[in-house]
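Following: one structure in structure tokens, then a few remarks.
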Amino acid sequence: MQCVVTGGNVKVLGKALHSLSRIGDELYVEPQEDGLALRSVNSSRSAYACFLFAPLFFSRYSIPSGLNFRCKMAIKSVLTVFRSLATLEKTVEKCHISLDEQKDRLTFTLHCKHGLLKTHNLSYQDSESLEAVFDKDNCANVFRAQPRVLVDTVVHFTTSLEEVTVTVSDERMWVRNHVEDDAERSKAMLTELCLAADEFDHFAVKSHNSITFCLKEFRVRQIRERNCNPFGERTEFCFSPET
């Protein structure tokens, strides 16, 4: 496997790796005919992220015919290669990624200005393919919004709150703190926010229902999306009555 990343794409690759490091502790690497897949999952298997870099992203992308290779490695070791994103953009002209299966090494070579080369030989372990088992195409309700919309929503809830409930209608979304026991509802402080459909870039509701989920994971995800999304894309989430 030979991959060469040049110019500003080196920083984009670095941003993607920094984003994945905020999901899990391990990086799953899988070269494919349609591009290089980089994935990560958290320890509880409740959060998953994948970046697929198409061959056109690279100035050179080649894998042996019939290559069936996938591996995982400590993501901290990869971050040592892309430690400073600002420095990458100013000093690195290209990044060469190569695979040495005999030595179980994935090599990252940074070609810097003035002819300086920085080579990192990272060890890896064989792994199974990491795929999400959730099919969002089967979800009845789909929402897409700028990360800031959801960050500004969850900030109104206390950090000690464990769960929130989301309820949707054709034109509204309500987010409220979850109280387990109805008997305690009269004693608890209730917080509820209402978001209109026009606050979202995409608001599609086919089923009026509610879901309750862990606020901590949702809060962390939105902060990551706001600060670490390398492509500045929107946050999308979806659910169905069976979710």
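With respect to the conditions (1) surrounded by 14 or more Cβ atoms within 10 Å (Cβ to Cβ); (2) in contact (Cβ under 8 Å) with a residue 40 or more places away in the chain; (3) not hydrophobic (A, V, I, L, M, F, W, C), GLY35 falls short on a single one, namely (2).
Pairing each residue of the stretch 68-91 that is free of Cβ contacts under 8 Å to residues at least 12 places away in the same chain with any residue that is assigned to a loop (DSSP other than H, G, I, E, B) and surrounded by 19 or more Cβ atoms within 10 Å (Cβ to Cβ), provided the two are 6+ apart or on different chains, yields no C-beta distance under 7 Å.
Evaluating PHE69 against the criteria (1) over 23 Å from SER123 (Cβ atoms); (2) among the hydrophobic types (A, V, I, L, M, F, W, C); (3) at pLDDT below 85 leaves one unmet condition, (1). Output the qualifying pairs, or none if there are none: Cβ atoms under 9 angstrom, residues six or more apart or on different chains, first residue in the stretch 115-131 and more than 15 Å from LEU38 (Cα to Cα), second residue open to solvent by less than 90 Å² (accessible area, probe 1.4 Å) and in a helix (DSSP H, G or I). Listed pairs, sorted by first residue: LEU116/THR91; HIS120/SER77; HIS120/VAL78; LEU122/SER77; LEU122/VAL78; SER123/SER77. Among the residues of the stretch 38-63, write down those that are closer than 19 Å to VAL12 by Cβ and in contact (Cβ under 8 Å) with a residue 24 or more places away in the chain. Listed by number, the residues that qualify are ARG39, SER40, ALA49, CYS50, PHE51, PHE53, PHE57, PHE58, SER59, ARG60, TYR61. Selection of first residues in the stretch 198-214 that are surrounded by 15 or more Cβ atoms within 10 Å (Cβ to Cβ) and of second residues that are small (Gly, Ala, Ser) and modelled with pLDDT of 85 or more, restricted to Cβ pairs under 6 Å at least 6 apart or on distinct chains, gives the following pairs, ordered by first then second residue: PHE200/ALA145; PHE203/ALA197. Evaluate the stretch 81-103: report whether one residue or more is closer than 29 Å to LEU215 by Cβ and β-branched (Val, Ile, Thr). No, the conditions are met nowhere in the stretch 81-103.
Of all the listed residues (THR109, THR91), the sole one being in contact with a helix residue (DSSP H, G or I) (Cβ under 9 Å, 6 or more places away or on another chain) and of a type in the set (Val, Ile, Thr) is THR91. Is it true that some residue in the stretch 194-201 is of a type in the set (Asp, Glu), in a helix (DSSP H, G or I) and at pLDDT 70 or above? Yes, some residue in the stretch 194-201 is of a type in the set (Asp, Glu), in a helix (DSSP H, G or I) and at pLDDT 70 or above. Checked against (1) under 29 Å from LYS216 (Cβ atoms); (2) touching a strand residue (DSSP E or B) at 6+ places or on another chain (Cβ under 9 Å); (3) open to solvent by 50 Å² or more (accessible area, probe 1.4 Å); (4) at pLDDT below 90, ALA49 passes all but a single condition, namely (3). Taken over the stretch 81-104, the criterion of being within 25 Å of the chain's Cα centre (by Cα) and open to solvent by 70 Å² or more (accessible area, probe 1.4 Å) is satisfied by ARG83, GLU89, LYS94.
Applying the set (1) modelled with pLDDT under 90; (2) surrounded by fewer than 17 Cβ atoms within 10 Å (Cβ to Cβ); (3) aliphatic (A, V, I, L, M) to LEU116 leaves exactly one unmet item: (1).
The values are calculated or read from the model by the stated rules, or taken from the named source; none is laboratory data. Keep in mind that what you see is a predicted model, and the values were worked out from it rather than measured. Cβ coordinates were reconstructed from backbone atoms using ideal geometry, including for glycine residues, and neighbour counts include every protein chain displayed. Please note that ligands, DNA and RNA were not included when accessible areas were found on the heavy atoms of the full protein model with its side chains. Shrake-Rupley method; radii C 1.70, N 1.55, O 1.52, S 1.80 Å.
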